[in-house]
Amino acid sequence: MNRMSLLATSCAIAAAGLLVAPANAATSCTALAEVLRLPNTTITLAAEVPAGAFKLPGPVGPGGPGMDLAGLPSFCRVAGTIRPTADSDIRFEVWMPLTGWNGKFVGGGNGVWAGSIAYGDMVEPLERGYATAASDVGHQGSPVDGSFLTGHSEKLTDFGHRAVHESTVAAKAAIAKFYGEGPQRSLYASCSTGGRIGLMEAYRYPEDYDAISAIAPANPMVPLMVMSLWTGNATMRDDASRIPAPHYALVEKAAMQACDADDGVRDGIIGNPPTCKFDPAMLQCKGDGAERTDCLTAPQVHALSAIYEGPRNPRTGEQIYPGLPVGAEAQMQLLTMGQEPFPVATTFFRGPVFNDPTWNFRSFDYDRDVERAKAYGSDALDVPPTGLDRFVAGNRKLLLSHGWSDGLIPAQSTVNFYDALVKDVGARRARDNVRLFMVAGMTHCAGGAGPSAIDFLGAIDRWVETGEAPERLVAANPPSAPKRTRPLCPYPQLAQYTGSGSTDEEQNFRCEAP
């Protein structure tokens, strides 16, 4: 019986509800606990999981709650801990289909400060026949608390880049041992911190992956933390500057009224926020505006303008990081509510940067303290756009994307990274190996007023397979929302309505240069 016949037989048995080893397996799943020997690594689990039987082992970080695990096929689950240094504790998992493996591997990252296995990055790849892996990026804890880094330089290195690289090496070894051959193609797809780690993989470990999809990358991370602090401080500097939640809806409605039709169709989506001419001063109350819900006071207008502008060095005027875009007001509240700015940022500065439990965000100097923060963490956390030449020169593929309505990570940061990268590697090489797709109306990673269900994994897989860079992707609404699709165009092209047909169907739009 040849290999294809064996595979067909194994699939038939699996369909009958029985667990079987893959037709080409060199080692049984449970045996991996004994035979998989890797430096500085302890395998803590190797077990077969029946179809639909996986249960989350405990609380998980971003992407975890609400995951539908019922559709997971049977798979070999391998878990382990990697300790490249005495202060390291990197936990990872590898999931490998028991039947129907497509011969490929997908790695993923995590969200914010991580702190648990990113199961959310593993579900879809496994369902699609990929072997997949994820990690806790070097620590167990709250995803919004960066204080775990305080006094732990090796954990900074692990979180910055080493943890996902080491997990990738371990995953490939497990795949080779289990199936008797390594993956024929290695892909990476993740968002936010995971997007930043994808860029870090391309920067520091270009041989790890053949293609990377970095969605809304939290990069450069240290200036991003400054932006989060600045945004919260804008509304928290005094009581008069605070913006109540209902007022964000007021601002969002006014911004939409001003800019929705700029792309030729009024559809509840701002197509290109950088060209939007909305000025929050148009909402300023006549008089003092006290106790009003239909306008903003002068201090509130000032705070909102500072958020849109983003942090600047008060001495040099230099832009430290882009501000949040018009259209991001729905998520903007996450950074501006409460007694302190976003804890992702405040715990970073109070803990590892200043190591001072009494530190107050109002004391932050946006000149001197920015440099202190960069000196602490930029080498480990930030990816420069001028360092990806080895990745691109190897004919590997980088697909960048970002939602224009992201209220946590300003989309302009990814545009700036892309522009600088193209300048560094050259337009011709970038044309073959780098793409940026901006998603109108999408908030952080997914959701928002615009369609945001996008097959980025399939896009990079096809790109490697065919060698042809994607010239158009399709975004759709989730099944629970009214049916709507829109094209995504390679930056700087924009989707323009043709003038005929439904504006809810992507084929009625064309990609055009601005």
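The values are calculated or read from the model by the stated rules, or taken from the named source; none is laboratory data. Every value quoted in this text rests on a predicted model; they were computed, and no experiment measured them. Cβ: placed from backbone, ideal geometry, glycine included. Neighbour counts: every protein chain shown. Side chains are part of the model used for accessible areas, which takes the heavy atoms of the whole protein and leaves out ligands, DNA and RNA. Shrake-Rupley method; radii C 1.70, N 1.55, O 1.52, S 1.80 Å.
Matching residues to (1) crowded, with 18+ Cβ neighbours inside 10 Å; (2) in contact with a Cys (Cβ under 9 Å, 6 or more places away or on another chain):
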residue: Ala411; (1), (2): yes, no
residue: Lys423; (1), (2): no, no
residue: Gly426; (1), (2): no, no
residue: Arg435; (1), (2): yes, no
residue: Ile460; (1), (2): yes, no
residue: Gly467; (1), (2): no, no
residue: Leu473; (1), (2): yes, yes
residue: Ser480; (1), (2): no, no
residue: Ala495; (1), (2): yes, yes
For the range 315-333, indicate whether the set of residues that are within 26 Å of Lys253 (Cα to Cα), open to solvent by 10 Å² or more (accessible area, probe 1.4 Å) and either without any contact (Cβ under 8 Å) to a residue 24 or more places away in the chain or polar (S, T, N, Q) (or both) is non-empty.
yes
Restricting to the range 497-508, count the residues that are open to solvent by less than 50 Å² (accessible area, probe 1.4 Å) and touching a Gly at 6+ places or on another chain (Cβ under 7 Å).
1
Filtered residues of the range 303-314 (kept if part of a helix (DSSP H, G or I) and touching a residue at least 40 places away in the same chain (Cβ under 8 Å)):
Ala303, Leu304, Ala306, Ile307
Assess whether Gly100 counts as being open to solvent by 10 Å² or more (accessible area, probe 1.4 Å), part of a loop (DSSP other than H, G, I, E, B), farther than 18 Å from Tyr376 by Cβ and free of Cβ contacts under 8 Å to residues at least 40 places away in the same chain.
no
Pairs under 6 Å by beta carbon, first residue assigned to a helix (DSSP H, G or I) in the range 339-353, partner of a type in the set (Val, Ile, Thr), six or more apart or different chains?
Pro343/Val144; Val344/Val112; Val344/Val144; Gly351/Thr150; Pro352/Thr150
Where the second residue is among the aromatic types (Phe, Trp, Tyr) and open to solvent by 10 Å² or more (accessible area, probe 1.4 Å) and the first is part of a loop (DSSP other than H, G, I, E, B) and lies in the range 136-151, which pairs have Cβ atoms under 9 Å and are six or more apart or on separate chains?
Gly138/Phe148; His139/Phe148; Gln140/Phe148; Gly141/Phe148; Ser142/Phe148; Val144/Phe342
Phe54 versus (1) touching a residue at least 24 places away in the same chain (Cβ under 8 Å); (2) surrounded by 16 or more Cβ atoms within 10 Å (Cβ to Cβ): which is the lone unmet condition?
(1)
Asn355 meets each of (1) open to solvent by 70 Å² or more (accessible area, probe 1.4 Å); (2) under 22 Å from the mean Cα position of the chain (by Cα); (3) not β-branched (Val, Ile, Thr) with one exception, condition (2)
Mind telling me which of the residues Ser378, Ser401 ends up being small (Gly, Ala, Ser), within 21 Å of Cys191 (Cα to Cα) and open to solvent by less than 20 Å² (accessible area, probe 1.4 Å)?
Ser401
Might you check whether a residue that is over 24 Å from Gly351 (Cβ atoms), touching a helix residue (DSSP H, G or I) at 6+ places or on another chain (Cβ under 9 Å) and open to solvent by 10 Å² or more (accessible area, probe 1.4 Å) occurs anywhere in the range 105-123?
yes
Tell me the residue from Ala23, Ala47, Ala15 that is over 34 Å from the mean Cα position of the chain (by Cα) and either buried (at least 16 other Cβ atoms within 10 Å of the Cβ) or modelled with pLDDT of 95 or more (or both), please.
Ala23
For the range 414-514, give me every one of the strands (runs of 3 or more DSSP E) that falls completely inside it and has 2 or more residues that are of a type in the set (A, V, I, L, M, F, W, C).
434-439, 473-476, 494-497, 509-512
